[in-house]
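*Asks:* Would you mind keeping the following structure in view while I ask a few things?
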Amino acid sequence: MKRFFIKVSGIVQGVGFRPFVFNLAEKLSLKGNVKNTSEGVLIDIEGQMVEEFIDKLKTTPPPLAKIDSINITELPLYRFDDFQILDSDSSQGFTLISPDISICDDCLMELLDENNRRFHYPFINCTNCGPRYSITQRIPYDRPNTTMASFRMCKDCLNEYNNPRDRRFHAQPNACEICGPHLSFELLNKSISIFKNDNPLTQAVKAIKQGAIIAIKGIGGFHLCCDALNENAVSLLRQRKRKSNKPFAIMLPDINRIKLICHMVKDEEIIVSNNKKPILLLKKNLLSSINIAPSVSPNNRYYGCMLPYTPLHYLLFFSESPNPSFEALVMTSGNRTEEPIVKDNEEALIKLSPFVDGILSHNRDIFTAIDDTVMRVETICNKSVNFFIRRARGYVPEVIDIHEDGIETLGVGADIKNSFAITKGRFAIMSQHIGDMENEETLSFFEETLKNLSQVYNVKPNIIGYDMNPNYLSTKWAERYINEKSLKGYSLQHHHCHICSVIAENSLKGKVIGVAFDGAGYGTDNTIWGSEFLLCEDSQFIRLAHFDYINLPGGDQASRQCWRPALSLLRINTSDSDYWSYLEKIGVYNFFNHKEIETLTKMIDNKIMSPMSTGAGRYFDAISALTGTCYVNTFEGESAIALESLTEEEEVDLSYQYDILKLEDKYIVKFQKTIHELLDDIFSGLSSSVISCKFHNTISNIVVELVFRLSNLYNTNQIALSGGVFQNSYLLKRITGLLINIGLKVYFNRQVPCNDAGIALGQVHLLRKLITKK
């Protein structure tokens, strides 16, 4: 007979861990106690079979638990009378919180069972599913520390909560129709015909069937919802939200319907149907029998699909009959353009009313707003790889193990697709998607989320890292915050941080050749970078190579109007007479009059309001415009996505010529030959799909040639790829395959997006290296 004191760290709160321990102890006739603390779950246990208890604790924990460490200390026998679950201890410490989890199979079965007391109850949950992070106000994760604190459990719910053998034993959001949250529906468009005596859910379903757009409150905020097969409703939503061509996400009632509208492989099926239920990008089945409205995803080969992940979502489809009421529903973030997702009822009435015909809400408050996660699955060198495009619900606030202990730091991220990161011990905690830092609303959301995460994880960073761009709102905030709090701050180069995010994820040591391709990032020479080949080691980097600079007339306008970088690319790579001749042949005057073209050309020539840029993203914009593929980015990356989609129409191994020149201490990629050959192809009538393939292959060849040279020169085989351009799957797969074929090891982002949403991970990694060096 032995006694052990066991400390279990990881995601062990809100996942049924204490009930699991209780029942296991009872099964093995062990005595003692278990309790939640801010440092994890503490177990004091004794008996004959305590070693078997520890073995099962390690090998068969609850399904939602993620054990990071188990510390065991043997103690003298105490002679406990029984095994108890003790009250939680709120002392200072560090423990991990479960993300919000989609409804489990058991709860779904009860939800649709007419004989169950929670039949059609839209807030059904248990220890294996339901809201977690979005309702947690502080730790430890107990009901009084969540937004469920105001709901007093009825007798039946309390019996479940206190019964160690029940699936809802210590399920903090436990509730039912009698004691829990309730739905409410407010009709804003009086032309919609509904019966006021119907329950709120039925009213909403009937309104959607009539073509209405409804704001629906979910786990992490509001969605804007309509029938995805109703073109009038979808196009009206697009018009109201001014969303141009950006695709809407769609929710389908089951996996079989996703298979009808999309091509799907097994690994994609696993991701879209896991207990996190992300939005997954899937290739459209153009022969589908389900006619999704064209306005859902215009000019795009993919749908963003997800399955229902809350009881309410299932009831939207199945409350009327076993057959779904809808084949698919649009579910797009409920927010005003460039603002965070709306989470509060009063805010929804103010901000979302212009977009919707009604609001389906409830009275369970959301403490932390969180968007849906967006992912894709790619096959790279015969291996299936999952990638984040947006990391949020279901995955945040899961930590990223960076394998090195260190000081508490904060990386504030970048301004586009902002996410920040804080560190605690050997973990980095990434925030959910915050959004583009373009207004005070987003900045307030940033501050609120930082406060919440820091409080929950008991992190007090005194070292702050921020982007080098002095015009970033995140940079200005960081500088002000550092001064107000008398903290230490570091200005960090954008592309260096991209590569450091890969280094942190993969625990790379020594020299790394980093290739960072994106649209724009502030350089150490005060120009715009974006096609960077960097030598990275510890806290230092050297810029080794980049694409030739082009001038961007109008600055930020050049990231939206693809003709602007196209003009610049033509201007620096052709003679004056050829330039004007080419413009006539290409048809640029269909978009600009002669005077506008002359003005833009003078701006380029004289470098007036035309910042210098090496951004790879602008090169893709330019080629997209020249080939007539896309002229205006109505959302970030639209032209590059359109250009990449053309590569799927052909299998072409051809490419264009280019030059790599050594100028002083750097290699510069010159595109004069590329542009002339590409223009010849355009004027000869070669298809845009072949031209796109040739251009993508050219960029791939440039990367491989330069990386091969640089890896030999600096004696390293570690290659890191990052930056938003590497969301281009054709480019990533081709470059990775070619580099592996020449014996190099290739690393890329998998735990965070490769776009600017992953920058903060690189920032906190770099901060720790800088402090260690000092």
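Computed from the coordinates by the stated procedures, all read-outs in this text should not be read as laboratory data. Predicted model, so just to flag it, every value in this text is computed and none were measured. Here the Cβ positions follow ideal geometry from the backbone for every residue, glycine too, while neighbour counts run over all protein chains shown.
*Asks:* Suppose the chain between S575 and I660 were pulled fully straight at 0.36 nm per residue; how much longer would it get relative to their current alpha carbon spacing?
*Replies:* This chain segment gains 28.6 nm when fully extended.
*Asks:* Among the listed pairs K206/K351; K460/K733; K155/K277; K196/K351, which have their C-alpha atoms separated by more than 29 angstrom in this model?
*Replies:* Correct reply: K460/K733; K155/K277.
*Asks:* Given 0.36 nm per residue, what is the gain on full extension from N483 to Y589 after removing their alpha carbon distance, in nm?
*Replies:* Going from the current span to full extension adds 33.0 nm.
*Asks:* For the stretch 714-774, with equal point scatterers placed on the C-alpha atoms only and solvent neglected, what are the log10 I(q)/I(0) values from the Debye formula at q = 0.18, 0.24 1/Å, to two decimals?
*Replies:* -0.76, -1.01
*Asks:* How large are Rg and Dmax for the stretch 530-662 when only the alpha carbon atoms are used, in Å?
*Replies:* 16.0, 52
*Asks:* To continue, here is another question. In vacuo Debye scattering of the stretch 183-362, one point per C-alpha: log10 I(q)/I(0) at q = 0.13, 0.18, 0.19 Å⁻¹?
*Replies:* Those come out to -0.61, -1.21, -1.34, one per q.
*Asks:* Next up: Which one, P122, Q203, N606, projects farthest toward the positive side of the charge dipole computed for the chain from Cβ point charges (K/R +1, D/E -1)?
*Replies:* Value computed over the given set: P122.
*Asks:* Using only the alpha carbons of the chain, determine the length spanned along each of the three principal axes and report them from longest to shortest in whole angstroms.
*Replies:* Largest to smallest, the principal-axis extents are 93, 67, 51 Å.
*Asks:* Let me ask something else. What does the extension gain come out to for K673 and R560, with contour length at 0.36 nm per residue minus their alpha carbon separation?
*Replies:* Here the segment from K673 to R560 would lengthen by 38.1 nm.
*Asks:* Then there is this: Ranking L112, L24 by Cβ neighbours within 10 Å, fewest first, what do you get?
*Replies:* L112, L24
*Asks:* On to the next question. Label-point separation (nm) for M609 and E440, each offset 7 Å from Cα along Cα-to-Cβ?
*Replies:* 2.8 nm
*Asks:* Sticking with this structure for a sec: Hydropathy at least -0.5 by Kyte-Doolittle, axial extent at least 27 angstrom from the Cα trace: which helices of the chain, defined as entire DSSP H runs, fit?
*Replies:* Going by DSSP H runs, the hits are 688-713.
*Asks:* Oh, and also: For the stretch 319-437, go through all pairs of different Cα atoms, get the mean of 1/r, take its inverse, and jot down that Kirkwood value in Å.
*Replies:* 17.5 Å
*Asks:* Under a Cβ-only charge scheme (Lys and Arg +1, Asp and Glu -1), can you give me the dipole magnitude of the chain about the Cα centre, in debye to the nearest 20?
*Replies:* 760 debye
*Asks:* Taking amide hydrogens as modeled 1.01 Å from N in the peptide plane, which residues meet the under 5 Å criterion relative to K424, leaving out close sequence neighbours?
*Replies:* Long-range HN contacts for K424: I429.
*Asks:* Please give the peptides 316-324, 226-234, 662-670, 102-110 ranked by average Cβ packing (other Cβ atoms within 10 Å per residue), highest first, as a rough proxy for protection.
*Replies:* Top of the packing list down: 226-234, 102-110, 316-324, 662-670.
*Asks:* Would you calculate the separation in nanometres between label points at F5 and I407, each defined as 7 Å from the Cα along the Cα-to-beta-carbon direction?
*Replies:* A separation of 3.2 nm, rounded to one decimal place.
*Asks:* Quick check on the stretch 2-93: what does the Kirkwood estimate of hydrodynamic radius come out to from the alpha carbon pairs, in Å?
*Replies:* Hydrodynamic radius (Kirkwood, Cα only) of the stretch 2-93 equals 13.0 Å.
*Asks:* Sticking with this one: Just going by the charge dipole of the stretch 183-362, with Lys and Arg at +1 and Asp and Glu at -1 on Cβ, which of S319, L183, Y309 is farthest out on the positive end?
*Replies:* Y309
*Asks:* Just how far, in whole angstrom, is the stretch 392-410 from the stretch 639-708 if you go by their alpha carbon centroids?
*Replies:* That distance is 38 Å.
*Asks:* Starting from the Cα gyration tensor of the stretch 130-288, take the square roots of the eigenvalues, sort them a ≥ b ≥ c, and report rounded, prolate or oblate (rounded when a/c is under 1.5, otherwise prolate if a/b is larger than b/c, else oblate).
*Replies:* oblate
*Asks:* Then there's this: Calculate the FRET efficiency for I350 and V652 from the Cβ-Cβ distance with a Förster distance of 56 Å, rounded to the nearest 0.05.
*Replies:* Efficiency, rounded to the nearest 0.05: 0.60.
*Asks:* Given Cα pairs under 8 Å that are at least 6 residues apart, what percent is the relative contact order of the stretch 668-774?
*Replies:* 23 percent
*Asks:* So for each of 734-745, 403-414 I average, over its residues, the number of other beta carbons within 10 Å; can you give me the resulting order with the highest mean first?
*Replies:* My ranking of the peptides, most packed first, is 403-414, 734-745.
*Asks:* If you take every DSSP beta bridge fully contained in the stretch 602-749, what fraction is antiparallel? Give it as a percent rounded to 5.
*Replies:* 55 percent
*Asks:* Can you spot the lysines whose alpha carbon is less than 23 Å from K2's alpha carbon? Ignore those fewer than 8 places along the same chain.
*Replies:* K27, K31, K35, K56, K58
*Asks:* For the stretch 2-93, give the magnitude of the charge dipole about the Cα centre (Cβ charges: +1 Lys/Arg, -1 Asp/Glu; no others), in debye to the nearest 20.
*Replies:* 140 debye
*Asks:* In what sequence do W563, W580 fall when counting other Cβ within 10 Å, fewest first?
*Replies:* W580, W563
*Asks:* Going highest first, how would you order 251-262, 35-46, 509-520, 279-290 by mean Cβ packing within 10 Å?
*Replies:* Going from most to least packed, we get 509-520, 35-46, 251-262, 279-290.
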